[in-house]
């Protein structure tokens with residue numbers, strides 16, 4: 001990914017908050033887990049759209065809601081327990097049916113420790129298909145940052161997993177669902193990483209991950225997480241629905257070379 005623009009929140013439409021890493025955020029090395037980091041980004045985005053009156057609840061009378069399509073996450077380092085960090089997010093533009101959102105996380109020294117670009121669309125909640133972006137949302141476009149002040153957008157195409165090295169089954173439980181009634185997007189990422197080899201989970205440091213969300217997973221669905229190591233510390237991921245073997249999501253991760 002190219003260099004990151006050195007702007008915390010390059011628009012008045014953005015949202016910024018401070019956060020202290022809690023004990024329930026960390027793993028055995030006392031670092032924040034990747035899932036906790038992504039949840040924090042997601043919470044900041046929710047607060048942002050609530051302030052802008054564009055949350056799922058604001059759009060509910062129109063029968064539409066936001067759905068995440070793609071995520072590109074880069075991690076320079078994970079914050080430690082009790083560390084104070086700054087979380088920034090802002091809407092980053094429109095393109096046809098798609099909307100974009102960026103996230104940046106800084107430490108107390110002002111160093112960028114993680115960032116993510118995402119692609120979203122609006123879903124018609126009755127017909128369960130893509131909806132056009134209403135004009136009152138498109139009007140925010142004039143207040144959004146210039147493209148050069150935004151992160152590069154997530155890739156529309158990822159490598160294909162062909163021969164899984166490891167697989168792990170999961171079942172979508174009630175408490176895994178989000179406010180749209182489908183599997184929370186954080187679990188897609190978490191379950192993809194969970195199927196990695198033990199050595200990677202114990203000692204690895206995730207540096208980069210890309211995910212494409214393809215289908216909604218619902219309550220009681222049985223899913224299979226597959227992983228293929230392709231070269232070095234790079235892995236391909238796929239989340240399948242067991243009943244019909246349809247792809248729910250695909251991804252690529254890269255861990256620090258040891």
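Quick look at the values:
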item: Residues of the stretch 183-213 with amide N under 12 Å of the 7 Å Cα→Cβ point at residue 219; result: 183
item: Residue 257-residue 135 pseudo-label distance in nm [points 7 Å out on the Cα-to-Cβ vector]; result: 5.5 nm
item: Inverse of mean 1/r across different Cα pairs in the stretch 1-152, Kirkwood, Å; result: 16.2 Å
item: The stretch 198-258-the stretch 50-129 distance, computed between alpha-carbon centres (Å); result: 20 Å
item: FRET efficiency, residue 111 to residue 143 (Cβ-Cβ, R0 35 Å, nearest 0.05); result: 0.80
item: Residues in the stretch 26-40 that a label on residue 175 would reach, taking backbone N under 17 Å of a point 7 Å out along Cα→Cβ; result: 26, 36
item: Gain on full stretching of the segment that runs from residue 57 to residue 94 - 0.36 nm per residue minus C-alpha separation; result: 11.2 nm
item: Overall Cα dimensions of the stretch 126-230 - principal axes, largest extent first, Å; result: 48, 36, 25
item: Value of D in µm² per second that Stokes-Einstein yields for the chain, Kirkwood Rh from Cα pairs, at 4 °C (1.567 mPa s); result: 68 µm²/s
item: Residue order, fewest to most beta carbons within 10 Å, for 150, 17; result: 17, 150
item: Full-extension gain in nm, residue 168 to residue 16, via 0.36 nm per residue minus C-alpha separation; result: 51.0 nm
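Since every read-out is calculated from the coordinates, none of them should be taken as a lab result. Being a predicted model, the structure only gives us computed values, none of them experimental. Glycine also receives a Cβ, built like all others from the backbone with ideal geometry; neighbour counts cover every protein chain displayed.
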